[in-house]
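Reading through the structure tokens given below for one structure.
The values are calculated or read from the model by the stated rules, or taken from the named source; none is laboratory data. From a predicted model like this one, the values you see are computed outputs, not experimental measurements. Here the Cβ positions follow ideal geometry from the backbone for every residue, glycine too, while neighbour counts run over all protein chains shown. Quick note on the areas: whole protein, heavy atoms, side chains included, nothing else; ligands and nucleic acids left out. Shrake-Rupley method; radii C 1.70, N 1.55, O 1.52, S 1.80 Å.
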Amino acid sequence: MSNPPSLKLTNSTRLWVAADMIDPPFANQLIFDGSGAFELDKLENAISMASAANPGSRYVLRGMLGSSRWVDSGVTPRLRVVDGAGWDGMGPEGAPACLRESLSVASGPSCEVVVITGSPLRIVFRSHHGIMDGRGTLTWAEDIFRALRGEPVTGSDPMLCEYDLLNISKGKIERAISYLYGAPTGRATGTGGGLTWRRVIAGGCYSSLLPKVMICVARQVWKFSDENARFGISVDMRSRGEGLRTTNNLTNAFYIDFGPDMKYDELGRIISRRQYNREDGTFTLEDRLICHTPLSLLAFIMKREVQAHHRSGMYRYSAFVSNMGRVNVQPFSGGGFTATAFWGIPPGLGMVPLFLGVAGHVDCVELVASMPQVLADGGRLDKFMRDIVDELAAMKD
């Protein structure tokens with residue numbers, strides 16, 4: 001009998017495991033709104049079939065330090081059914097408690113499916129971000145719906161990781177990023193932990209959506225700081241190889257800082273060039289030490305850094321933005337369920353003032369922001385999201 005698949009942790013996946021120790025859940029939470037009803041026994045069977053074909057959904061963490069690995073537990077991710085009556089889906093108020101729960105990488109489950117009853121009916125695909133990225137979670141979800149419709153599941157490669165695709169400059173060691181960038185809602189009101197989130201919907205279609213959103217967010221930064229804004233942009237590296245299909249985390253990030261004179265079309269050209277040239281930068285000294293740092297110590301260091309950021313009012317980045325693009329909801333219907341909308345709750349991290357998830361479907365754009373509570377309180381996050389929608393509407397095609 002062959003050994004189960006196992007995959008070495010990369011720097012980013014180690015960071016995301018440590019992040020979950022600070023502000024759980026550090027997870028992808030992809031949600032489809034819709035109508036109908038699920039037959040739970042058929043849904044459980046579909047999850048089992050799809051997860052066997054995508055064993056990354058069954059990964060748990062084994063080993064220590066440089067020998068840490070994701071290993072296929074062989075255990076099917078769980079299905080839960082919870083009551084969502086009265087929850088509007090626009091923020092954490094009234095949301096089912098399970099959406100605030102951590103996913104265990106030590107004992108599992110590291111991924112799960114949650115059906116939220118109510119109107120609309122919702123199904124949530126939750127995955128620890130150390131194991132999957134957003135696109136990987138969609139890959140798993142697609143196969144679950146294929147099984148529900150009685151179609152063959154496609155499956156995926158459990159052995160790919162970001163190191164297989166990164167274009168890292170050799171030899172040179174970059175300096176760590178300085179804390180020079182302001183937050184889009186001003187200074188923190190304290191140094192405490194905790195995160196919150198908010199969802200808004202912008203009607204219509206937009207060309208050059210990512211740079212337009214970034215300019216809108218940067219304008220909020222410049223209300224409080226005249227320094228450059230620095231953005232981290234999540235980049236799905238699956239396009240770097242023909243036919244790559246995996247649930248594993250293949251998301252890298254690159255960073256762009258720019259000032260108030262930047263136009264969205266110029267910013268779009270910079271982003272396109274960076275993506276086309278695969279300009280992934282190089283490792284800092286911190287990057288080279290991460291694999292030798294115990295996860296508990298890494299979490300302690302990150303927590304101290306969060307507190308330092310909040311005290312100083314300056315951060316390594318102004319925001320992280322993840323653009324899932326336009327998602328066709330049709331493949332995510334089946335088994336008595338018809339999907340009508342797609343959105344997700346992005347993971348948050350105290351050292352990042354804003355994590356903004358962007359996705360389109362049908363004729364609208366979903367914008368969901370996660371933010372440290374100390375930056376969001378006093379209605380600041382609500383006002384920020386309203387301002388973003390208003391500014392984006394002025395850029396509508």
Collect the residues in the stretch 239-256 that are of a type in the set (Ser, Thr, Tyr), in contact with a strand residue (DSSP E or B) (Cβ under 6 Å, 6 or more places away or on another chain) and open to solvent by 10 Å² or more (accessible area, probe 1.4 Å), keeping them in residue-number order.
-> Thr251, Tyr255
So is Ala376 touching a helix residue (DSSP H, G or I) at 6+ places or on another chain (Cβ under 7 Å) and either open to solvent by less than 20 Å² (accessible area, probe 1.4 Å) or modelled with pLDDT of 95 or more (or both) or not?
-> no
For the stretch 215-235, which residues satisfy the criterion of being among the charged types (D, E, K, R) and open to solvent by less than 60 Å² (accessible area, probe 1.4 Å)?
-> Arg230
Pairs under 6 Å by beta carbon, first residue at negative phi and among the polar types (S, T, N, Q) in the stretch 262-286, partner open to solvent by 60 Å² or more (accessible area, probe 1.4 Å) and modelled with pLDDT under 85, six or more apart or different chains?
-> Thr282/Ser169; Thr282/Lys172; Thr282/Glu174; Thr284/Glu174
Residue in the stretch 326-333 that is part of a strand (DSSP E or B), touching a residue at least 12 places away in the same chain (Cβ under 8 Å), on the phi < 0 side of the Ramachandran plot and crowded, with 22+ Cβ neighbours inside 10 Å present | no
Determine whether the stretch 132-149 contains at least one residue that is among the polar types (S, T, N, Q), closer than 26 Å to Gly360 by Cβ and either at pLDDT below 95 or in a strand (DSSP E or B) (or both).
-> no
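A quick yes/no check of all residues on (1) over 12 Å from the mean Cα position of the chain (by Cα); (2) under 30 Å from Ala229 (Cα atoms); (3) open to solvent by 20 Å² or more (accessible area, probe 1.4 Å):
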position: Gly313; (1), (2), (3): yes, yes, no
position: Arg316; (1), (2), (3): yes, yes, yes
position: Gly336; (1), (2), (3): yes, no, yes
position: Ala341; (1), (2), (3): yes, no, no
position: Phe355; (1), (2), (3): no, yes, yes
position: Val358; (1), (2), (3): no, yes, no
Does Tyr179 satisfy being open to solvent by 30 Å² or more (accessible area, probe 1.4 Å), over 30 Å from Asp143 (Cβ atoms) and not in a loop (DSSP other than H, G, I, E, B)?
-> no
Have a look at Leu61, Leu30, Leu43, Leu7 and point out the one that is more than 23 Å from Cys161 (Cβ to Cβ), of a type in the set (A, V, I, L, M) and either in a strand (DSSP E or B) or open to solvent by less than 20 Å² (accessible area, probe 1.4 Å) (or both).
-> Leu43
Options Asp382, Asp377, Asp387; residue that is within 23 Å of Tyr264 (Cβ to Cβ) and either of a type in the set (Asp, Glu) or within 19 Å of the chain's Cα centre (by Cα) (or both) = Asp387
Going through the stretch 13-25 in order, the residues found to be touching a helix residue (DSSP H, G or I) at 6+ places or on another chain (Cβ under 9 Å) and over 16 Å from Arg135 (Cα atoms) are Arg14, Leu15, Val17, Ala18, Ala19, Asp20, Met21, Ile22, Asp23, Pro24, Pro25
